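To start, the structure under review is shown below, and the notes come after it.
No value in this document is a laboratory result; all are computed from the given coordinates. Given the structure is predicted, the values throughout are model-derived calculations rather than measurements. Every residue, glycine among them, receives a Cβ derived from its backbone with ideal geometry; neighbour counts consider all protein chains shown.
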Amino acid sequence: MFVDTTMDFKIVKINQEFRNVVVSHKALLEAEQELKRTELISKLEKGQVLEGVVKNITNYGVFVDLGGVDGLIHITDLSWGRISHPEEVVALDQKINVVVLDFNEQQKRIALGLKQLTPHPWEALSADLKVGDTVKGKVVAVADYGAFVEVEPGVEGLVHVSEMSWSPRLHSAQEFLKMGDEVQAVILTLDREARKMSLGIKQLTANPWESIREKYPVGSQHKATVRNITNFGVFAELEDGVEGLIHISDLSWNKIKHPAEMVQSGDVIDVVILDFDENSHKLSLGHKQLTPNPWDELEAKYPVGTVVDATVSAANDKNVTLTFADGTEATAFAREMVKEDGKQALAGETLPVKVVDLRRSTRTVRVSHLRTYQEAKVARETAEVESAKKAIKKVQTSVEKTTLGDISALAALKDKMEKGE
């Protein structure tokens, strides 16, 4: 395509041995380009406005040809508002005006800006806008701690996660908002000099905690949705913004190791209001209180001193676990489970045991097999002793009566003799 074309070339290599000369038109162009670049950079000034052509678009910015020299507009310098890709603002081969932000003569790097050619949006923000006003906007960024809402192009406000719901539980902003959502919010703070604005969404609805005692009096029963499960209890939601804690000890009358044994996230359960703390927006809930306390029945069915058959379910050197016929679980010290023949009770054996302690605080029933035969033996021995004592007393009484009778007869005989009868 370059046949018969007259062009300038730069000699880059001469080989005398082979009588060969290597020339390059590209090298000549590069040299000219470098000369132009050096000349252009030497004339650059920060704040200078230049015309260029969009040469290349990347995810992080735009390369602009300034006439033989390229400069970069970083994506953050394309628009005052947030954009996800430079193509939203410019197109290839588009002629644009740019401002010089910075340059490095040694590295031949030029930083350019496009948004700087237009006034900052905060400067055009209505002077009538004030704290307490309601604004509309679009969610342009979401993080765990909150979401940024663009109320006007280039003017954003932060909605902290704590200002999204009246609920006291710590949430993630992703639970409430997503990119692109159109929302209404109330201006909480406005700093025009620092160009910062904080917004609130929950303020657009009534604070349910202001009438919490009237709506949820202590002792009242309600439905609640399990929202979060921890080692120490369950957070259940009564309505949007109103959550309460069911402590693990208030979930069941029986001992449980973890709340997940009873409920799962999303379950709807019955609860009763136990207590309030309006200042910190804390609500104590109960679940077990809606059912009778089985320990009331247990204490009535197995009062201390009751003898009942129980099966050994587990045993070690120190403790033995037993089960009654109705499923009630009891424990005993190993020494209390020695049988009358001196052998230790083994797993699977069914033996009579005596209830020796019912401890409501720890929900434990303690029993003893040893006492069933030891106390019976003592009772027998005591009965025998009492029987012997009664027999001895009877004999003694009989002897005493006979002796007294004899004395009376002799006294009567003496009286007769003295009277000469």
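Key figures for this structure:
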item: Distance violations [Cα-Cα > 22 Å] among K255/K288; K339/K390; K178/K215; K354/K390; K178/K282; result: K339/K390; K178/K215; K354/K390; K178/K282
item: Two-decimal Rg/Rh across region 137-274, once Rg and the Kirkwood Rh are taken from alpha-carbon atoms; result: 1.08
item: Column: log10 I(q)/I(0), Debye, Cα scatterers of region 208-288, q = 0.16, 0.19, 0.24, 0.25 Å⁻¹; result: -0.53, -0.74, -1.14, -1.23
item: Net +/- balance of residues flanking V142 in space, Cβ distance below 15 Å, scoring K and R +1, D and E -1; result: -4
item: Whole-number D in µm² s⁻¹ for region 251-306, Kirkwood Cα-pair radius fed into Stokes-Einstein, 37 °C, 0.692 mPa s; result: 236
item: Top positive-direction residue, dipole computed over region 208-288 with Cβ charges, set G244, N279, N231; result: N231
item: Aspartates and glutamates with Cα under 12 Å of K377, excluding same-chain neighbours fewer than 8 positions away; result: E340
